[in-house]
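Encoded as structure tokens, the structure appears first; notes follow it.
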Number of protein chains: 2
Amino acid sequence: MAPEPQLPLNFGMLLFPGFQALDVFGPLDCLNILSQSHKMNLSIISQTRGSVSTEPPESTGLNVLQSFNQHVLATHSTDDDAPVDVLLIPGGLGLRAPEAELAPYVEYIKKVGPRCQYIITICTGAPLLAKSGVLDGKRATTNKAAWRFTAWGPKTDWIARARWVQDGNIWTAAGVSAGIDVTLAWIGTVYGEETATAVSNRMEYRRATDSTDDPFSALHDCQDVPAQ
Amino acid sequence: MAPEPQLPLNFGMLLFPGFQALDVFGPLDCLNILSQSHKMNLSIISQTRGSVSTEPPESTGLNVLQSFNQHVLATHSTDDDAPVDVLLIPGGLGLRAPEAELAPYVEYIKKVGPRCQYIITICTGAPLLAKSGVLDGKRATTNKAAWRFTAWGPKTDWIARARWVQDGNIWTAAGVSAGIDVTLAWIGTVYGEETATAVSNRMEYRRATDSTDDPFSALHDCQDVPAQ
């Protein structure tokens, strides 16, 4: 298949140690299915190429149980400069690592984010995007159980009652499974609703189509956090 | 944490080339979260240890687009005899490979399946389980868009209108995303509803609690297939 004009070609998934598995594979499996009918490339990008674990690094103090995890291969390092039209940023307990360990990812987003055609974040991927400055002056949402991480983006308007938020070319989702809904909503906008429905049906998934229908903000008593 | 009496300790995810990513990572991320409060081990089992791709093998004729895929590390080979109390079997286009390529997986299930405490299949994982004989005389369901694969289990009662089916210690799910619902239902039964709800909330997922609520069987006009 030839690349289609206007449609994005190169997808990049950022992967840090301690990523949340469904944050990554919910969106990617929507895109796996989409890639059966559209020419698309995927780079999986981490600080170094090779195996990246779902297990949070020792520095987080959260890796007490080490015997249940998965390893996914990063195809590119953050220095490799893989072409990225659509950058996907997941969340996960790995983001509780010290600032210095997150720096390569923040620097990568600073460098690549502003030139992307689209950015999609899942869960606490939004605070990571905010830390890089790319969410300044934008509306966004994030995981409702980790709402305090909105502090990473003091110049962002954080919307509590949202399954996802679109602001221009940036789409931010709520926690974990919301990554599937935001990706299908994004597919609907970019490739058409018929395509989004076809992908959703292939996954036998009943997708959320109302971005404000979110019971989890109430569950965690989250309030909007306006930009300072 | 010490192992808990009665609760399963060792989980095994079977992984063949061309697995469907969400079939694997929907259930695994439910279990990742569960493993933060319970002692659990995970083995990822493939014909050989090492990297396994979501890309269907050449023999399926379905790998026309090779530039969008993910690689996951198998920790054990099917010969390694990793301890498995709960065996998870995903589906995927890789199951369209010739019989000879699937044989190692069928043989593995024949060997390990009958001694498992629980078996959970997702999508076309159920026909693979059926091919191994372990679904003989049981009720089961599978992916509704691939309903013809019920032919792999002529001695199984295939239930069309089902998000998942439980028959004794065997739980079979419908397509792709149904893997999340069957895993949460299984957690509810084995660990209690409160735990299932806690995991579901952590994923910000609205889980299906009615196993017969399935719009996709009607979409694909699937009918029950009784055992012959």
Practice task
Based on other C-beta atoms within 10 Å, arrange A:124, A:189 from fewest to most.
Solution key: A:189, A:124
Completion exercise
Between residue B:223 and residue A:36, Cβ-based FRET efficiency (R0 25 Å, step 0.05) works out to 0.40
Handout entry: Residues A:116, B:123, sorted so that the one with the fewest Cβ neighbours within 10 Å comes first
Key = A:116, B:123
Fill in the blank from the handout: Largest fluctuation, B:190, B:24, B:134 only, Gaussian network model of chain B with Cα springs under 10 angstrom, belongs to B:190
Problem - FRET efficiency, residue A:48 to residue A:115 (Cβ-Cβ, R0 22 Å, nearest 0.05) - result: 0.45
Practice task
Report, by chain and number, residues whose modeled amide H sits under 5 Å from the one on residue A:70, excluding near sequence neighbours (fewer than 5 apart, same chain).
Solution key: A:54, A:55
Completion exercise
Out of A:6, A:208, A:154 - ranked by how far each Cα lies towards the positive end of the dipole of chain A, with unit charges on the beta-carbon of charged residues - the top one is A:154
Fill in the blank from the handout: All alpha-carbon distances of the protein assembly as shown, grouped into 10 Å bins from 0, give the whole-percent distribution 5, 22, 33, 27, 11, 2, 0
Problem - Among A:210-216, A:148-154, A:92-98, the order from most to least packed when residues are scored by Cβ within 10 Å on average - result: A:92-98, A:148-154, A:210-216
Fill in the blank from the handout: Rounded to a whole number, the mean other protein chain Cβ count within 10 angstrom for residues of B:68-76 is 6
Practice task
Would you mind listing the distances between the residue B:192 label point and the same position in each other copy? Use 7 Å along Cα-to-C-beta, nm, one decimal, shortest first.
Solution key: 5.2
Fill in the blank from the handout: So for chain B, using the alpha carbon gyration tensor with a ≥ b ≥ c as root eigenvalues (a/c under 1.5 gives rounded; past that, a/b versus b/c decides prolate or oblate), I'd call it rounded
Fill in the blank from the handout: Taking R0 as 25 Å and r as the Cβ-Cβ distance between residue B:148 and residue B:209, the FRET efficiency 1/(1 + (r/R0)^6), rounded to the nearest 0.05, comes to 0.30
Exercise for the section: Just tell me which lysines come within less than 20 Å, Cα to Cα, of residue B:110; anything on the same chain fewer than 8 places away is out. Expected result: B:131, B:138, B:155
Handout entry: Phi to ³J(HN,Hα) by Karplus 6.51 cos²θ - 1.76 cosθ + 1.60 over the stretch B:71-79, Hz, x for Gly, Pro
Key = 10, 10, 7, 7, 8, 9, 8, 5, 8
Handout entry: Alpha carbon centroid spacing (whole Å) that separates the stretch A:99-136 from the stretch A:153-179
Key = 13 Å
Practice task
Report, in deg cm²/dmol and to the nearest 500, the calculated mean residue ellipticity at 222 nm for the protein assembly as shown, where each DSSP H run with n ≥ 4 adds -39500 (n - 2.57) and the sum is divided by the residue count.
Solution key: -8500 deg cm²/dmol
Problem - Label spacing, shortest first and in nm, from residue B:117 to its equivalents in the remaining copies (7 angstrom along Cα→Cβ) - result: 4.9
Fill in the blank from the handout: With the label set 7 Å along Cα→Cβ, residue A:169 is separated from its counterparts in the other copies, in nm and shortest first, by 5.4
Handout entry: Spin-label pair residue B:198/residue B:59, simplified geometry with 7 Å Cα→Cβ offset, distance in nm
Key = 4.4 nm
Exercise for the section: Can you give me the span-like helices of chain B, meaning DSSP H runs with 18 Å or more of Cα extent along the axis and Kyte-Doolittle mean at or above 1.0? Expected result: B:21-34, B:178-191
Exercise for the section: Name the long-range amide H neighbours of residue B:167: under 5 Å, sequence gap of 5 or more, or other chain; modelled H, no Pro or chain starts. Expected result: B:172
Problem - Partner chain coverage, peptide A:23-31 - average Cβ within 10 angstrom - result: 6
Handout entry: Under 5 Å, built H, 5+ apart or other chain: amide partners of residue A:120
Key = A:87, A:88, A:89, A:171
Practice task
Scan chain B for the residue whose Cβ is closest to the axis carrying it onto chain A, then write down that distance in whole angstrom.
Solution key: B:25, 2
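The numbers here are math on the coordinates, done by the rules we state, and not lab data. Keep in mind the model is a prediction, meaning the values are calculated, not measured. Positions of Cβ are generated from backbone atoms using ideal geometry, with glycine treated the same way; all protein chains shown enter the neighbour counts.
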